[in-house]
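The structure under discussion appears below in the form of structure tokens.
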Amino acid sequence: MKKLLLATALVALSGGIAAAQTVRLGTEGAYPPFNFIDDAGNVAGFERELGDELCKRAGLTCEWVTNDWDSIIPNLQSGNYDVIIAGMSITDEREKVVDFSENYVPPADSAYVGLSADADVKTGVVSAQVGTIQAGYVAESGATLLEFPTPDETVAAVRNGEAVAVFADKDFLAPYVAESNGELSFVGPDIPLGGGVGLAFRESDDELREKFNAAIKAMKAEGVLNPLIEKHFGAAAKKF
Amino acid sequence: MFSSCADPKTLEGLSWLLCYLTSGKHIDFYWSFLTVLTLLVVTAPAAMAFGFAGAMAARSQFLPLRLLGKVYTAMVRGVPDIVFFLFFVIALDQGIEWMKHQVVCPDWSEPIRQGLEFRVCPEAKVPSGSSAQIWHQIYGFTLAVFTFAIVFGAFAANVLYGAMGAVPRAQLETAEAYGMSHRQVFRRILVPQMWTYALPGLSNLWMILIKATPLLFLLGVKDIVYWARELGSAKTQAYAFPHPDWRLWYFLGLLVVYLCMTRVSELILARLTARLSHGQATAGGEAMRRAAQ
């Protein structure tokens with residue numbers, strides 16, 4: 001009887017009758033043009049369009065959830081959402097804790113951006129977002145690493161002089177440079193990092209991963225992924 | 001919101017600002033004030049209940065209950081808030097799901113803990129994976145209220161414990177001389193008189209609670225500080241309303257809001273203090289008596 005009462009209480013708490021399984025897509029919502037919260041308050045950007053298309057192809061009902069970048073992997077593991085779709089680069093280190101899908105953005109360049117083109121990125125202070133491959137790269141480059149929880153703060157740090165340069169995905173930095181009226185500029189050559197951007201899944205979720213993999217493959221084969229990349233990242237972006 | 005806002009990039013000046021300040025994101029921002037106020041209104045009594053129970057337990061004649069009360073106040077007060085908000089909530093969430101799992105999926109054969117992963121059967125997810133986002137938000141908010149109540153309840157318990165001890169023994173003795181039982185003394189004499197001693201400590205807690213609300217974001221609830229940072233950060237052309245870094249203005253706005261909230265609280269608390277001191281055997285009560293003569 002007690003068990004029954006407990007079960008009833010918990011079912012009531014969980015709210016709503018279980019319908020068809022919904023797949024929850026976790027994103028950061030602060031990394032334009034990959035993903036951001038648009039002015040209507042919804043998740044938008046390249047990954048929004050891609051995610052919706054993938055769900056449609058895989059025949060899944062999907063729901064968007066935003067989560068801090070910092071805790072995005074732990075929250076996947078504890079089951080708060082089922083997929084990470086947040087511009088996450090495929091790296092060996094992350095492969096140890098999550099499983100990646102096939103990449104949907106080819107291995108891309110990272111770049112330094114500073115107030116002047118000759119900023120000292122070898123020994124100066126360089127900002128990067130915490131827990132990114134770029135932060136790892138800066139830490140090993142000999143420069144002093146200054147980490148921030150959100151991507152926007154890494155750029156703001158350069159503007160207010162806390163850091164001489166920011167190191168991040170070039171696709172993310174390009175609009176900032178283009179719209180800064182010459183205030184910001186790229187420093188040095190581009191640096192290729194990571195194995196492209198992929199979706200991340202729990203290691204026990206192979207079935208779901210295969211569904212998304214099939215959808216990504218189909219999009220690549222039909223040639224609809226490249227135009228989508230070009231639409232959001234510009235004509236100069238790397239394509240498949 | 002307005003039909004003239006359909007294409008914001010063509011707008012300028014005041015009409016741009018009007019459209020900007022009424023964008024969907026800003027409406028969410030304004031609603032988040034209500035979220036914070038709701039949290040305060042719900043958490044304060046809940047924390048008070050925890051505090052009262054804790055103080056009563058700590059004063060109990062019955063040893064295990066007394067130990068429970070003391071351990072609760074000592075432990076929770078000793079753990080840093082941020083640790084509490086990061087780990088306790090995850091443990092609570094997983095605990096609830098684990099219990100539900102035991103009830104609804106008794107035949108589940110796979111282990112629940114697989115390395116770093118926590119996997120209960122899909123039916124045991126709370127709230128269930130297919131329920132609307134609003135339920136997830138309500139669930140997160142409930143966890144937040146519960147956690148805030150436990151943390152602030154421990155502090156309140158200590159304040160109330162002290163206040164109960166501060167009521168003059170002579171008052172209680174007189175009541176006993178009238179033949180009141182322990183319970184009656186507690187209810188009729190001790191509790192009505194202790195508030196005047198508890199209020200300074202409780203008002204401190206209230207002020208700290210107001211300022212602790214940004215911890216909500218750790219629990220996935222979007223509060224005013226989260227929105228101020230999100231709205232204020234520089235926006236590129238990918239957004240409908242591009243603008244440079246405006247965080248300073250948003251945070252100045254929040255500063256004014258927080259100062260207003262504390263000012264209103266101070267006014268209310270001052271009135272409450274005056275009211276509770278009335279007729280008390282304290283210096284404050286004595287001063288009021290003199291003034292009335």
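Observations on the structure shown:
- Farthest towards the positive end of the charge dipole of the stretch A:109-192, among the residues A:Pro192, A:Ser180, A:Gly136, is the Cα of A:Gly136, using unit charges on the Cβ of Lys, Arg, Asp and Glu.
- Cys residues of the protein assembly as shown counted as unpaired, since no other Cys beta-carbon is under 4.7 Å: B:Cys260
- Counting 0.36 nm for each residue step from A:Glu183 to A:Glu53 and taking away their Cα separation leaves a gain of 43.1 nm.
- Separation between Cα centres of the stretch A:169-223 and the stretch B:234-293, rounded to whole Å: 46
- The amide H of B:Gln114, built 1.01 Å from its N in the peptide plane, has B:Arg119 as neighbours under 5 Å, considering only residues 5 or more places off or on other chains.
- Comparing Cα centroids, the stretch A:136-157 and the stretch B:77-128 end up 34 angstrom apart.
- Span-like helix ranges in chain B, DSSP H, alpha carbon extent 27 angstrom or more, Kyte mean at least 0.0: B:24-59, B:133-166, B:191-212, B:247-277
- When Rg and Dmax are taken over the Cα atoms of the protein assembly as shown, they come to 27.9, 93 Å.
- Of the beta bridges in chain A, as assigned by DSSP with both residues counted there, near 55 percent are antiparallel.
- Shape of the stretch A:109-192, Cα gyration tensor, a/c cut at 1.5: rounded
- Global form of chain A, assessed from the alpha-carbon gyration tensor, a/c cut-off 1.5: prolate
- Between the helical axis of A:46-58 and the longest alpha-carbon principal axis of chain A there is an angle of about 30 degrees.
- Test item: B:94-104 mean partner chain Cβ contacts at 10 Å: 4
- Ranked packing of A:166-173, A:83-90, B:23-30, A:49-56, most packed first, by mean Cβ within 10 Å: A:166-173, A:83-90, A:49-56, B:23-30
- Each of B:Ser128, B:Phe241, B:Phe85 was scored by the projection of its Cα onto the charge dipole of the stretch B:33-292, and the greatest displacement toward the positive side belongs to B:Phe85; charges sit on the C-beta of Lys, Arg, Asp and Glu.
- For chain B, built as a Gaussian network whose Cα springs stay under 10 Å, the top-fluctuating residue of B:Leu190, B:Leu255, B:Leu199: B:Leu255
- Segment B:Arg77-B:Ala270, extension gain: residue separation times 0.36 nm, minus the distance between their alpha carbons: 66.8 nm
- The mean count of C-beta atoms from other chains within 10 Å of the C-beta of residues in A:176-188, rounded to a whole number, is 1.
- Highest-MSF residue in chain A out of A:Gln134, A:Gln21, A:Gln77 [GNM, Cα springs under 10 Å]: A:Gln21
- Anisotropy class of chain B from Cα gyration tensor, a/c 1.5 cut: oblate
- Chain A: angle of helix A:206-222 to the longest principal axis, Cα-based, in degrees nearest 10: 60
- Antiparallel bridges, percent of DSSP beta bridges restricted to the protein assembly as shown (to nearest 5): 60
- Distance from the stretch A:92-135 to the stretch B:161-180 (C-alpha centre basis), Å: 67
- Inter-label distance for B:Arg113 and B:Leu63, nm, one decimal - labels placed 7 Å from Cα along Cα-to-Cβ: 3.3
- Inter-chain Cβ neighbour count for B:130-138, averaged per residue, equals 5 (cutoff 10 Å, partner chain atoms only).
- Efficiency of FRET between A:Asp68 and A:Glu230 - r from beta-carbon atoms, R0 30 angstrom, step 0.05: 0.50
- Cross-linked pairs A:Lys56/A:Lys231; A:Lys238/B:Lys25; A:Lys96/A:Lys211; B:Lys25/B:Lys211; B:Lys70/B:Lys125: Cα-Cα separations exceed 25 Å for A:Lys238/B:Lys25; B:Lys70/B:Lys125.
No value in this document is a laboratory result; all are computed from the given coordinates. Please read these numbers as outputs of a predicted model, since none were measured by experiment. Please note: Cβ atoms are built from the backbone with ideal geometry, for glycine as well, and neighbour counts cover all protein chains shown.
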